[in-house]
Amino acid sequence: MKEFTKLQEESRKFGEKNDCTVKAFAIVTGMTYEDSRREMARVGRKTRKGLVTNNPNFNHNMLRALKLNGFDVKQVPCKSKTVKTLQRNIKSNGSFLVFVRGHVLAIKNKQVEDWTKSRCNRIKSVWRVTN
């Protein structure tokens, strides 16, 4: 959770809130917070507002931003029902986006990088992100 903590500090410098997409994008791509923030703005995110979506299971704008930056995104099956049980069920290293209701978090090298790490947020979908 070291990366997430660092991104929290960057977020405060910008006076941001509702920026889970920015943080998750930065973690899975390896971009800086500032670059990630710019990319999310490019696909419609407003400052201090979440990246709005009509689909409750994933955010197509965020996935589109990953594709625009040369990343491949593929939905993967997930046996875990909640974020709390997710970490122990991840078998492979790599980068993943996990969508829960109204939030997105990142997993990198089998570590949940988010404040929801030990919470019971119900998982909607999981996406593997590769170069």
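The values are calculated or read from the model by the stated rules, or taken from the named source; none is laboratory data. Quick caveat: nothing in here was measured; it's all calculated off a predicted structure. As a convention, Cβ positions derive from the backbone with ideal geometry for all residues, glycine included, and neighbour counts pool all protein chains shown. SASA here: full protein model, heavy atoms, side chains in, ligands and nucleic acids out. Shrake-Rupley method; radii C 1.70, N 1.55, O 1.52, S 1.80 Å.
Just to be sure, is residue 127 open to solvent by 90 Å² or more (accessible area, probe 1.4 Å), under 13 Å from the mean Cα position of the chain (by Cα), touching a residue at least 12 places away in the same chain (Cβ under 8 Å) and under 14 Å from residue 27 (Cα atoms)? Lay out the reasoning, then the answer.
On the way: open to solvent by 90 Å² or more (accessible area, probe 1.4 Å): no; under 13 Å from the mean Cα position of the chain (by Cα): yes; touching a residue at least 12 places away in the same chain (Cβ under 8 Å): yes; under 14 Å from residue 27 (Cα atoms): yes.
Taking the combined requirement at face value, the residue does not satisfy it.
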Checklist line | Check on residue 119, open to solvent by 40 Å² or more (accessible area, probe 1.4 Å), part of a loop (DSSP other than H, G, I, E, B) and under 24 Å from residue 49 (Cα atoms) | finding: yes
Note to self: Cβ contacts < 6 Å: first residue in contact (Cβ under 8 Å) with a residue 60 or more places away in the chain and closer than 14 Å to residue 46 by Cα, restricted to the stretch 7-21; second residue open to solvent by less than 90 Å² (accessible area, probe 1.4 Å) and of a type in the set (A, V, I, L, M, F, W, C), any location; separation 6+ or different chain. Result?
What the structure shows: 20/104; 21/40; 21/51; 21/62; 21/104
Margin query: Based on this model, can you work out whether residue 97 counts as within 13 Å of residue 126 (Cα to Cα) and touching a residue at least 12 places away in the same chain (Cβ under 8 Å)?
Written below: yes
Check: So, of the residues in the stretch 50-77 that are part of a loop (DSSP other than H, G, I, E, B) and at pLDDT 90 or above, which turns out to be most open to solvent (accessible area, probe 1.4 Å)?
Finding: 77
Note to self: Just the residues that are at pLDDT below 95, in contact with a Lys or Arg (Cβ under 6 Å, 6 or more places away or on another chain) and assigned to a helix (DSSP H, G or I), please, taken from the stretch 1-32.
What the structure shows: 7
Item checked: Count - residues of the stretch 95-110 that are open to solvent by less than 30 Å² (accessible area, probe 1.4 Å) and either charged (D, E, K, R) or closer than 10 Å to residue 28 by Cα (or both) -> 6
Margin query: I'd like the residue in the stretch 22-53 that is among the hydroxyl-bearing types (Ser, Thr, Tyr) and free of Cβ contacts under 8 Å to residues at least 60 places away in the same chain and, out of all such residues, is nearest to residue 70 (Cα to Cα).
Written below: 36
Checklist line | Hits in the stretch 36-49 - residues which are open to solvent by 50 Å² or more (accessible area, probe 1.4 Å), assigned to a loop (DSSP other than H, G, I, E, B) and basic (Lys, Arg) | finding: 46, 48, 49
